[in-house]
Every structure is written in C-alpha cells, then in structure tokens.
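The values are calculated or read from the model by the stated rules, or taken from the named source; none is laboratory data. Bear in mind the structure is a predicted one, so any value in this text is a computation, not a measurement. Virtual Cβ from ideal backbone geometry, glycine too; neighbours counted across all protein chains shown.
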Amino acid sequence: MSITNAIEVKNLTKSYKKGFMLDNISFTLPSGCIMGLIGENGAGKSTAIKLMLNMIKRNSGTVKILGRDNREDFELTKEDIGVVLDEVGISECLNAKEVGNIMKHTFKNWDEKVYAENLQKLSLSDNKKFKEFSKGMKMKLGIAVALSHNAKLLILDEATAGLDPVIRDEIMDMLCEFTREETHSVLISSHIVSDLEKVCDYIAFIHNGKMLICEEKDRLYETYGIVRCSAEQLNDIEPDAVIGKKISPYGAEAIVERSKIPSDWEIGAIDIEKLFVFMVKEGH
C-alpha cells in the first residue's frame with residue numbers, strides 16, 4: 001500500500017503549567033519530501049516532535065505517521081522511523097561497532113552492511129569510544145544509525161545545531177540522497193534557516209507555539225517578494241500587502257505579497273530567513 005503523506009498533524013495542542021502552549025498546529029508532510037520546521041529556540045519545535053513520537057501526552061489533536069495513528073501500533077511504526085535528537089542518547093562507553101551490535105537486536109530491519117558503509121562515508125572510527133567523539137561526530141553517528149535500519153521517515157530535531165558548516169553541508173547532502181527514493185521523507189527542525197532553505201521542499205514556521213505558515217518552498221518564493229524604497233514610498237503600498245517591514249535612515253525594506261503590489265514596482269526575491277524574521281517581528 002502506497003502512503004500519500006508521511007506525517008499528518010491536525011489541531012495538535014499541548015499546554016504546560018509554566019505557561020507555554022503548543023497551540024492547535026496542523027501540517028502535512030507528503031511522502032518523498034523534506035520539510036523544514038523553523039523557529040527560534042523555545043518556539044515549540046521539540047514539543048511538536050515529542051508529540052509526534054508519542055513521547056509526551058497531548059491535550060488534543062491527532063497525529064498520523066506513515067498512515068498510522070501514532071498512539072496505535074507505534075511499535076510497528078517506530079521500525080520505519082529514524083530519529084536523531086539534539087542529544088543523540090548513546091552510552092558514552094560504547095564505540096560505533098558496539099552500537100551496531102546493540103541496534104541489530106533493536107531493529108528488525110537492521111542492515112550491518114549499510115551501517116558499515118555509513119560509518120565509512122561519514123569518516124567515523126568503529127572502535128573509538130562515543131565519549132571521545134566531538135559533537136559533530138556524535139551527531140554523524142546518530143545519523144548513521146538512523147539511516148541503517150531501512151527507515152522510511154527521518155525525524156531530526158536540531159540535529160545540526162552547534163556543528164561547523166562543512167559537517168552541516170555533509171548532513172544536508174545525505175538527507176537529499178535519502179529522499180531520492182519516493183517513499184522516503186524527512187522532517188528536520190532547526191533555527192539555522194539557511195541549511196533548510198537549501199534542501200527542503202516544504203517550510204513550516206513555528207513561533208511562540210503557533211504555526212505561522214506551512215507551504216511549499218517554491219510557493220513562498222512565488223507569493224512573497226521584497227521591496228526596497230523610501231519610507232514615503234512605502235506609504236503608497238496597501239497595508240495588507242505588507243508582511244513585515246524595516247525602516248532606517250537609509251530607506252525602507254518590506255516583505256510584500258507580490259499579487260497586491262502594482263505591476264510597475266520592482267520586487268526582489270526573498271530569502272526564507274528574512275521572511276521568517278519579518279513575520280515574527282510584525283507579530284503575524
């Protein structure tokens with residue numbers, strides 16, 4: 001049976017006594033695609049992922065992972081998910097070879113050959129203790145594990161945080177390679193927007209527990225643009241066309257909806273990070 005969507009989240013809510021609330025978020029990740037979940041630290045990205053993995057209880061809403069309700073038959077579902085969290089969760093005393101020996105008794109579809117290939121591809125020693133690994137090497141080992149049990153969906157939570165640009169680029173290349181199979185999908189959360197902009201098919205903005213936007217990346221480029229002009233000229237634009245703006249002594253810069261701007265205006269291309277920052281500052 002082919003599955004149209006890797007993840008379906010509908011009206012998902014989680015509240016905490018300290019006041020934070022993941023507020024009624026909904027999004028869909030189609031199979032074969034990469035979605036970037038973007039937000040500042042504390043925006044609710046990790047809460048959303050923990051709810052998807054059924055690690056914490058929700059107040060309301062539904063989650064389907066690979067076509068199954070994530071509260072039912074999750075033992076079956078987790079065989080098909082590769083998960084990498086900010087803290088990889090591997091015992092400090094183990095080396096990569098020992099990790100592989102444990103994982104082959106954890107996952108039914110563990111592939112020792114693929115794991116060995118991933119270690120080699122990521123330049124990871126199989127006999128060095130985990131505690132001797134750098135942060136980047138630890139993350140790469142977590143990804144090697146996630147990619148070695150025939151998973152159909154990868155979920156990565158801030159997996160590139162604190163890594164140098166070269167390692168981050170390696171990881172992004174691996175995610176693109178993974179999704180060349182049309183049944184493979186990736187959800188990756190990060191506050192490093194430039195990484196996600198390179199590889200993602202879909203972008204979801206989360207801010208203060210609310211989903212600001214979830215859309216195809218190319219559709220965002222088509223819908224929004226950037227206008228640079230004087231502060232006086234900015235007043236000529238309809239207010240509801242402006243998503244966010246920045247005014248300085250040197251002029252004005254505004255993210256706008258292209259369809260609402262007169263055809264004689266010059267509209268530049270946006271980048272996703274600027275769109276997110278402007279939306280957050282404007283209070284959308």
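Filtered by the rule that a residue be within 25 Å of residue 24 (Cα to Cα) and either of a type in the set (S, T, N, Q) or modelled with pLDDT under 90 (or both), segment 208-243 gives 208, 223.
Residue-by-condition table, conditions (1) closer than 17 Å to residue 157 by Cα; (2) in a strand (DSSP E or B):
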| site | (1), (2) |
| --- | --- |
| 6 | yes, yes |
| 9 | yes, yes |
| 27 | yes, yes |
| 40 | yes, no |
| 43 | yes, no |
| 51 | yes, no |
| 54 | yes, no |
| 61 | no, yes |
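Among the residues of segment 120-153, those that are of a type in the set (S, T, N, Q) and not in a helix (DSSP H, G or I) comprise 123, 125, 127, 134, 148, 150.
Exactly one residue among 156, 175, 187 is crowded, with 19+ Cβ neighbours inside 10 Å, assigned to a helix (DSSP H, G or I) and either of a type in the set (A, V, I, L, M, F, W, C) or modelled with pLDDT of 95 or more (or both), and that residue is 175. Number of residues in segment 209-228 that are crowded, with 17+ Cβ neighbours inside 10 Å and over 24 Å from residue 43 (Cα atoms) equals 4.
Taking segment 190-207 as the range and being among the hydroxyl-bearing types (Ser, Thr, Tyr) and either outside the structural domain of residue 43 (by TED's automatic domain parsing) or at pLDDT 95 or above (or both) as the test, only 202 passes.
Tell me whether segment 30-43 contains one or more residues that are over 30 Å from residue 275 (Cα atoms) and touching a residue at least 12 places away in the same chain (Cβ under 8 Å).
no
The residue that is nearest to residue 221 (Cα to Cα), counting only those in segment 234-284 that are among the aromatic types (Phe, Trp, Tyr) and part of a helix (DSSP H, G or I), is 276.
Taken together, the criteria place residue 163 among residues that are outside any helix (DSSP H, G or I) and either over 24 Å from residue 4 (Cα atoms) or of a type in the set (Lys, Arg) (or both). Return a yes/no flag: does segment 96-119 have any residue that is in contact with a Ser or Thr (Cβ under 7 Å, 6 or more places away or on another chain), in the same structural domain as residue 181 (by TED's automatic domain parsing), surrounded by fewer than 20 Cβ atoms within 10 Å (Cβ to Cβ) and not in a helix (DSSP H, G or I). So far as segment 96-119 goes, yes, one or more of its residues are in contact with a Ser or Thr (Cβ under 7 Å, 6 or more places away or on another chain), in the same structural domain as residue 181 (by TED's automatic domain parsing), surrounded by fewer than 20 Cβ atoms within 10 Å (Cβ to Cβ) and not in a helix (DSSP H, G or I). Taken over segment 73-94, residues that are assigned to a loop (DSSP other than H, G, I, E, B) and either at pLDDT 85 or above or buried (at least 16 other Cβ atoms within 10 Å of the Cβ) (or both) amount to 9. What's the total number of residues in segment 213-233 that are in contact with a Gly (Cβ under 9 Å, 6 or more places away or on another chain) and under 20 Å from residue 271 (Cα atoms)? Number satisfying all stated conditions: 6.
Just one of 168, 228 is basic (Lys, Arg) and either in a helix (DSSP H, G or I) or assigned by TED's automatic domain parsing to the domain that holds residue 50 (or both); which is it?
That would be 168, the only listed residue that is basic (Lys, Arg) and either in a helix (DSSP H, G or I) or assigned by TED's automatic domain parsing to the domain that holds residue 50 (or both).
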